[in-house]
Amino acid sequence: MKSPKPLVSVVDDDESVRESLPDLLIELGFRAEAFASAEDFLGSTHVDTTNCLILDVSMPGMTGPELHRELLRRGRDIPVVFITALKDEKVKPRLIEQGAINCLFKPFSDSALQHALGSALQSS
Amino acid sequence: MKKNVETSRAFDALPALVWIALPDGNVDFLNRRLSDYAGLDRSDGRDWDWSSIVHVDDLPNFLARWQSIRASGESGALEARLRRFDGDYRWHSLHCSPMGGDRPIEQWCGVATDIDDLRRAESKLRQSQIDFQSVVDSIPVPVAVTTPSGEVEALNRPTLDYFGMTLDTLKDWKSSDVVHPDDLERTIQTQLAAHRAGTSYNVESRHLRADGIYRWYNVLGMPLRDANGDTLRWLHLLVDIDDRKRAEDALRESERNSRLIVDSIPVGVGVLTPSGELEAVNRTIVEYFGKSVAELKNWKSAGLVHPDDIQRVIEARQQAITAGKSYATEQRLRGADRTYRWFRVCGNPQYGDNGEIQRWFVAYVDIDEQKRAEDALRLNERESRLIIDSIPARVGIYNTEGIRVAANRQAIELSGFPGDADWRDLFHPDDLERAEVRWREALAKEEAYECEYRALMADGTYRWHLGRRVPMRDGEGRVSRWFGVSHDIEDRKRAEQAVRESERQLRLIVDTIPGLIALFTPEGRLEGANDQFLDYVGQTFEEAKNWATNGTSHPDDLPNALAVFQRSLLSGEPYEFETRIRRFDGMYRWFQIRGSALRDNTGRILRWYGLLTDIDDMKRAQEALVASERNLQDTLDSIPARVGIFSADGTLVSVNKRTVELTGIPGVPADWRLVFHPDDVPLAESRWRECLATGDPFEYEYRARMADGTYRWHLGRRVALRDATGKPLRWYGIAHDIEDQKRAEQALAATGRSLQITIDTIAALAWSARPDGTAEFLSQVYLDYIGLSADEARDWGWTAAVHPDDLNGLTAAWQAILASGQLGEAEARLRRHDGEYRWFLFRANPLRDPNGAIVKWYGINTDIEDRKRMEESFRAIVETTPECVKLVSREGIVLRTNAAGAVMAGVPSVEDVIGQRFFDFVAPEHRAQYREFHEKVCAGQKGFLEFDLVNALGIRRHMETHAAPLRDSDGSIVQLGVTRDMTARKQMENSLRRSEAFLAEGQHLARLGSLSWNVTSGEIIWSEQLYRIFEFETGSAVTLERITASVHPEDAALMNDMFERAKQGESDFEYQHRIVLADGSIKHLHLIAHRARDSTDGIEYIGAVLDITQRRLSEAALEKLRSELAHVTRIMSLGALTASIAHEVNQPLAGIITNAGTCLRMLASEPPNIDGARETARRTIRDGNRAADVIARLRSLFSRRDVAAERVDLNEAVREVIALCWSDLQRNRVVLRNEFADDLPSVTGDRVQLQQVIINLLRNASDAMAAVEGRTRRLTIRTAAGDTGEVRFSVRDTGVGLASSPEKLFETFYTTKAEGMGIGLSVSRSIVEAHGGKLWAEVNDGPGATFSFSLPAFAGDLEPADRQWRSANKRSASMQRGF
């Protein structure tokens, strides 16, 4: 059997992202799951199966980076691509330093996302 | 009742207010004048009543009166205020009378006359009368107001007090009731004359005070006139001049006294004009000459001066007056008794202030007796001279230097030298040296000199002389001259030599036998004779043997000589006789012949010796003396006074002829006592015995019996005539008749009595007392004062008037004065006739007779009550003063002190301190210092000392004492010390010092200086710290110039502004300015000054100056930081906003792009996922809308504004803004002046927006002045209520002004500022307009521009304003969109 498609989980409080991004991921050949918050993701079964995480930086409740640290704390080193609507160039290097694969500023192109996911899955 | 038209027209024509009333009082008719006056319609007349025009206060009376007039049926008058058409009330007099003669009365007619002006005048008059009375009452001296006819109209309070009467009583008084009787006539005459003439008068008179004492007053009267010059009333002022009068009296008294003294002295005194004219003389002169002053003026021709003296006197006097120098002459003046007496006349000029001679004083002293005595003395000297000349020896008189000044005739004749020749020329050269040595010794020791010498005789030979010189002493025992007597001892010398010769030859002759020697046998035969003998008699020895028969001895003397000789031969006793012996030339000379027997061992007579001594000279002298005495007697007889000569034992030896004539006793009286008055004998005798014993001159006044048995007073003098050794030989006495002098003395005593009468007329308490102290005489004033008769007061009777408490002291003092015999005084209270005691000073002065004995005491008592009272009140002050006043003796003993002294010493009473040693109270460590201080004070210096005192309770106090030397009653100097307890002050000082130190330190730490500045006087006082801030030398003088010089040039205008404001006395001000120090560094200072509230001398400010350099520097740094921060924040906040907007927009954009990307992928996949693509496209559209929503939401977020429509107090809003901008303004060195209107109406609107406008305007103004130098950057903020209900605000600056038309300023993006955006003013205008107001700009008259806005005032109801506001806000919103 052909190896299963990698699972990419999207965590974002913005509904339009949760709607649009999984379709694009599927188009790009991934399986996709969307969660409205970090807590939802942590409470799901996909924590262990997710191959790559697309994580919004600022969210109500637990933020993206916090979730990332929580996962690392739990030993779940899932490749993370951050996305954010706040274009702060200083944030990106810090996040990468902390282990993120990339950080994309909204709105981002599908190719940029594809490239980032490629890097993420390659690293794993 | 119908009034016809004529009547009413007639009434109308009357120039008075007229009405007609009916019997019931209702007014029927008013004339035009009345209706015009009251402003009434004529038709009102009928139903008109008085209440409409009569003043409400007058109405009840008016109506009642009107009623009563009507009831009486007679004419009547009443007064009331009637209202004029313009509302003013004026007083009227209303006369009402029944019309016609009809009864019953049908009509009343009334006429009102305006008396308002009269009323006013009356009330003014009343007021002026009240004013006048109060003015009169406020005059502090008695004042009386009388009518022109002299009736008393008003008297002020002092008058009533003085006379102790009420106005009513005094009104009826006549001048005679109050004015002293002696002054009455004069006073009344003066006043009458003044009243007649209508002119002011001025009279001095005594007025009776309430206590019964008259006091002198100067009464000034003046007429008060009205405008026409008619006298309305008289004003009489009584000025108390009693003290002046008393002083004048005292002066006159003293002048009279000195006149009395001048008159009573026995010396004549004359006063001459500067040219020598006689002006006045005293009584002595008048009495002596028996002529008046006028007669005496012709003294030159009146024969008053002795003819022998007149020429000399006139010359001497003329010379003196011409030269302006004192002169003295002696002259005989003829007295009233036609006799001349000698006078010494001394003239002395009295000089004026400019040195010119004002007058001459000439004193005439009677020296007649002196002259006579001098004459007598001269006579005496002549006598002595005569006597001396007749002495048969050489007599020389030597001065004290040993030089011979005179010699008697004998000496001159014998020597052939004049009397004043050098005595040394008369001495044999071999004897001279020895003589001179002895003489010098004698002169030096003032002892008698004796020397044998050979004296040169006229024939050039020398003869041996024994010279004796004795000193003559004057009355004081000083040697005045020397008397020398030389006896010729040649013969004796020769004899001595002969003896020596015969000794050699005969060995029998003893050395000492002088003279001619003869030797006789025991039987008496001449046995031998020496050569001298033989030479003398010119006989041979054989011839000489017959001496008894050959005439050798003078036949006259021989019998006696032989008898004596024979007797001696028989008895063997020595013999002695005198006989003349014939010289070889046949001349007889007297010889003294002495002989004695020479015996052998058994006593048998071997031989007789005879010694013949030539005594011829002596004999001659004796004879001359007898002759001289006869001569003297003749001289004495010619003396016109009694002369007597007394033997050395005091027996009267002889008297002169005059004595015999006067006494009528022929020859020598047995006893001088017989001519003395029996009463004078005992004392005279005892004195005479004394004088005889001592040799002193005898002088005595006695009554001598005259030939007619009467006695006359004589002055007798007896002087001793002494021999060469000073032993009195005899006494010469002379007695002068002094009866006349005595009489004169008695006359003088009589004059003294007249003096007493004079004293009686003196208004003083004068008295005289006998030497034993009993009162002899009391002046009438004295007697009147103590209310005793002369008899009652005599002796000690007057003491009844002395206060019992003072009597012992006064008596003791009086006894002491009597004992001292000197002028003295004492104080005591005397009871006046009315029982009141007053203090008096008793002063007594002795009167002495010529012998110095006190004859009488004269005294005057002076009223010192006032002085005593003053002393008592002074003592009371001393007693009550809280400072210790003390007298400390030189030894340190407290003599006196006050109550405070006892408190200080910590003892219950003053008595416990007195007698204590003050040193014992001084703290031990200060004792030495205090002693030194005390000694210095007692040595006469003033002093001040601080010291600690430990009092009896052991409490230590810090004292300070001021001390001065004071002469105590016993004459010693004591310390008068005023000692003050300054412990508390000291503590205060200490704490003050501490507090000042704290303050200074605090100021130093706070870099805060303080100052006071008296603008008026220019005095500036700085605290030490302020000097430090300005880096001025501490304590150096601070002036405005000095301060200005330090001020930063850019702040000079600021300082000038401050000075201006200070000079105007503004209550307080505050400035920040810079000063430039010497080293060029800059300090920022903050000055806050308040005008001192209770300063009495001009404008004074108290201020504080804070050195805010540090703060300023920090602020500057902070400001820089803040502006940077603000910039960053602005960027940051813009960034944050942008980020926030981006975040909001990016979210949907992210969805759109993702969906669009997905859509494209879905369409591009094979087969194309159309449904998916449609779904994503739909989602893209949805997200696009969502993004638009975000933008819209943002828009609405930013455009939404909470507008507040509230009531705003513009003044308060401005103050808040100023508070916000204060530091900016200060930094720009803007001087802010607020002119806020009080009671400014509120406005409606948005406080914050309005404040933004105000900030904007202030900033603009401040910026406009930023480049201004050299003038004050003044910003004046003014609020005011406008005329049409709007509120105005304006900001006036002194900046660069407006460069273009004011309207252009308000265009958007128009700016004159380099950094400006150009939107401030346009925004401000839109905000103001949004509030329904206006904003505009104007160019000032002076420099700068004024920006103002006006806003409608708050209308009281918020709603309409709110409405207006909202509608305005809509416009504002539209304008905002246009930004």
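Picking from residues in segment B:210-243 that are open to solvent by 70 Å² or more (accessible area, probe 1.4 Å), of a type outside the set (Asp, Glu) and in a loop (DSSP other than H, G, I, E, B), the one that is modelled with the highest pLDDT is B:Asn228. Of the residues contained in segment B:1113-1124, none is found to be more than 10 Å from chain A (Cβ to nearest Cβ), farther than 30 Å from B:Phe1030 by Cα, at pLDDT 85 or above and open to solvent by 60 Å² or more (accessible area, probe 1.4 Å).
Which residues, counting only those in segment B:1210-1251, are free of Cβ contacts under 8 Å to residues at least 60 places away in the same chain and in a strand (DSSP E or B)? Residues satisfying the conditions are B:Leu1232, B:Arg1233, B:Asn1234, B:Glu1235.
Cβ separations smaller than 9 Å between residues 6+ apart or across chains give the following pairs from segment B:397-424 residues that are open to solvent by 70 Å² or more (accessible area, probe 1.4 Å) to residues that are small (Gly, Ala, Ser) and at pLDDT 85 or above: B:Arg424/B:Ala435. Evaluation of B:Ala1000 against the conditions (1) open to solvent by 40 Å² or more (accessible area, probe 1.4 Å); (2) in a strand (DSSP E or B); (3) over 30 Å from B:Glu825 (Cα atoms) shows that the sole unmet condition is (2). Listed by position, the strands (runs of 3 or more DSSP E) inside segment B:882-986 whose residues that are in contact with a Phe, Trp or Tyr (Cβ under 6 Å, 6 or more places away or on another chain) and of a type in the set (A, V, I, L, M, F, W, C) number at least 3 are B:943-950. Taken as a whole, the condition of being touching a Pro at 6+ places or on another chain (Cβ under 7 Å) and more than 14 Å from chain B (Cβ to nearest Cβ) applies to A:Ile101. The residues in segment B:89-122 that are more than 15 Å from B:Ser35 (Cα to Cα) and open to solvent by 60 Å² or more (accessible area, probe 1.4 Å) can be counted, and the count is 12. Of the strands (runs of 3 or more DSSP E) lying entirely inside segment A:16-124, those carrying at least 3 residues that are within 14 Å of the chain's Cα centre (by Cα) and touching a residue at least 24 places away in the same chain (Cβ under 8 Å) are A:31-35, A:52-56, A:80-84. Here A:Val47 clears all of (1) more than 9 Å from chain B (Cβ to nearest Cβ); (2) closer than 25 Å to B:Leu1163 by Cβ except the condition numbered (2).
As for segment A:13-25, it holds at least one residue that is modelled with pLDDT under 90, open to solvent by 70 Å² or more (accessible area, probe 1.4 Å) and either more than 14 Å from chain B (Cβ to nearest Cβ) or under 29 Å from B:Arg1182 (Cβ atoms) (or both).
A single member of B:Ala1078, B:Ala1037, B:Ala1045 is assigned to a loop (DSSP other than H, G, I, E, B), open to solvent by 80 Å² or more (accessible area, probe 1.4 Å) and of a type in the set (Gly, Ala, Ser), and it is B:Ala1078.
When B:Glu690, B:Glu685, B:Glu661 are checked against the criterion of being in contact (Cβ under 8 Å) with a residue 12 or more places away in the chain and closer than 30 Å to B:Met472 by Cα, B:Glu685 stands alone in meeting it. Within segment B:838-881, take every residue that is among the acidic types (Asp, Glu), open to solvent by 40 Å² or more (accessible area, probe 1.4 Å) and outside any strand (DSSP E or B) and give me the one that is nearest to B:Glu932 (Cα to Cα). Checked segment B:838-881; the qualifying residue nearest to B:Glu932 (Cα to Cα) is B:Glu879. Among the numbered conditions (1) under 20 Å from A:Leu117 (Cα atoms); (2) open to solvent by less than 20 Å² (accessible area, probe 1.4 Å), the only one that A:Arg94 does not meet is (2).
Taking B:Asn399 as the residue in question, decide whether it is within 30 Å of B:Lys619 (Cβ to Cβ) and not charged (D, E, K, R). Answer is no for this residue. Candidates in segment A:104-124 are the residues that are at the interface with chain B (Cβ under 10 Å from one of its Cβ atoms) and open to solvent by less than 30 Å² (accessible area, probe 1.4 Å); of these, the one that is farthest from A:Ser20 (Cα to Cα) is A:Leu104.
For segment B:705-717, a residue qualifies if it is open to solvent by less than 60 Å² (accessible area, probe 1.4 Å) and out of contact with any Asp or Glu (no Cβ under 8 Å at 6 or more places or on another chain), and the qualifying residues are B:Met706, B:Gly709. Annotation: of all residues in segment A:65-90 being in contact with a helix residue (DSSP H, G or I) (Cβ under 9 Å, 6 or more places away or on another chain) and within 14 Å of chain B (Cβ to nearest Cβ), the one that is farthest from A:Leu25 (Cα to Cα) is A:Asp88.
Quick check, is B:Leu1005 under 30 Å from B:Ala900 (Cβ atoms) and surrounded by fewer than 18 Cβ atoms within 10 Å (Cβ to Cβ)? So B:Leu1005 fails the test. Among the residues making up segment B:141-162, those that are open to solvent by less than 40 Å² (accessible area, probe 1.4 Å) and assigned to a helix (DSSP H, G or I) are B:Pro158, B:Thr159, B:Leu160, B:Tyr162. Taken over segment A:55-87, residues that are open to solvent by 60 Å² or more (accessible area, probe 1.4 Å), of a type outside the set (Gly, Ala, Ser) and at pLDDT below 85 amount to 3. Please determine whether any residue of segment B:941-960 is more than 20 Å from B:Arg985 (Cα to Cα), in contact with a strand residue (DSSP E or B) (Cβ under 7 Å, 6 or more places away or on another chain) and of a type in the set (Val, Ile, Thr). No, that holds for no residue.
The values are calculated or read from the model by the stated rules, or taken from the named source; none is laboratory data. Everything quoted here is computed from the prediction, not taken from an experiment. Virtual Cβ from ideal backbone geometry, glycine too; neighbours counted across all protein chains shown. For accessibility, only protein heavy atoms count, side chains too; no ligands or nucleic acids. Shrake-Rupley method; radii C 1.70, N 1.55, O 1.52, S 1.80 Å.
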